[in-house]
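Scroll down for the structure; my scribbles are underneath it.
Nothing in this text is a laboratory measurement; each read-out follows from the coordinates by a stated rule. All figures in this text were calculated on a predicted structure; none of them were measured in a lab. FYI the Cβ positions are ideal-geometry reconstructions off the backbone, even for glycines, and counts take in every protein chain you see.
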Amino acid sequence: MRAHKTVIFLTLGFLIGISVLLYPAFSNYWNSKTQSRVIVDYESVLEYLEPEDYSAIFQAAYDYNEALHEVEFPLRDYEEVPGYYDALKIEGTSIIGYVKIDKIGVELPIYHGTSDEVLNRGVGHLEGSSLPVGGESSHSVMSAHRGLPSAKLFTDLDRLEMGDTFQIIVLDQVLTYQVDQVKVITPREIDDLQIVEGKDYCTLFTCTPYGINTHRLLVRGIRIETITEKPVIYVANEAFRIEPLLVTPAVAAPMVLVFLIHLMVKYREPPKKKEGESDHAT
């Protein structure tokens, strides 16, 4: 009986361990697949827009950005400028665009605001910063989580260096930014997120150090000419790769499970004989 219980506990422990080990990879895969689908759906919706629709949407965004200049502290008093959640809003999709960072292999949808719900799904646009449509004297700020077990998001943002590039895609416009500043600040420091006269900036930021999250990592880019066409959308379920460290236990799991079942059968107790039964037939 003791051997039987031991095998059961070993089996349960093994299955729990495998589940914990594989959860981050498969959860990240699922989230990446969902994010890619959101972007594909966004592009599909754009196909139904007319040229005058694009012009009107962009003009409303430019007007909003211009209105931010009339507020003394827009990152704090952004509610003084109405119409934020209507700007870049397109019926049939919940995102305002997406960010593409080739160096770290991510394409992530951008949503209005930086609520917990938004940051668990993708990249949030910081209220009070310029909408991501470019232009002189604009500074768009994007935030995403780092180190979530369920999604990659901005986990590898610290790999970006001076001179690297990233792109913001909004409607039919591709904005390319070249990293000109990488900086670590405290959460209360916002000077580096302010609009700078005559500059076209976009800043990506996330928590740092990894797993501690007491500071913020800022990766700022300055607008440069876009020399490539609109990128092809990457669909995660067509090119998913799991690290060998995770593949090994996944492959070994069925074999070990069969072995444990064999032990359970081998060491299980024989059924008790009923009273009056003998070992030999009469």
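Tell me the label-point distance for the pair residue 188, residue 48, using the 7 Å Cα-to-Cβ offset, in nm and rounded to one decimal.
4.9
Could you put 86, 53 in order, starting from the residue whose Cβ has the fewest other Cβ atoms within 10 Å?
Starting with the residue having the fewest Cβ neighbours, the order is 86, 53.
Using DSSP to define loop residues, name the trypsin sites (Lys or Arg not before Pro) in region 187-220 whose beta-carbon has at most 14 other beta-carbon atoms within 10 Å.
Listed in order of number, the matching sites are 188, 199.
Going by how many other Cβ atoms sit within 10 Å of their own, how do 94, 130 line up, fewest first?
94, 130
Quick check for region 49-234: number of Lys pairs with alpha-carbon distance under 25 Å, counting only pairs 8 or more apart or on different chains?
14
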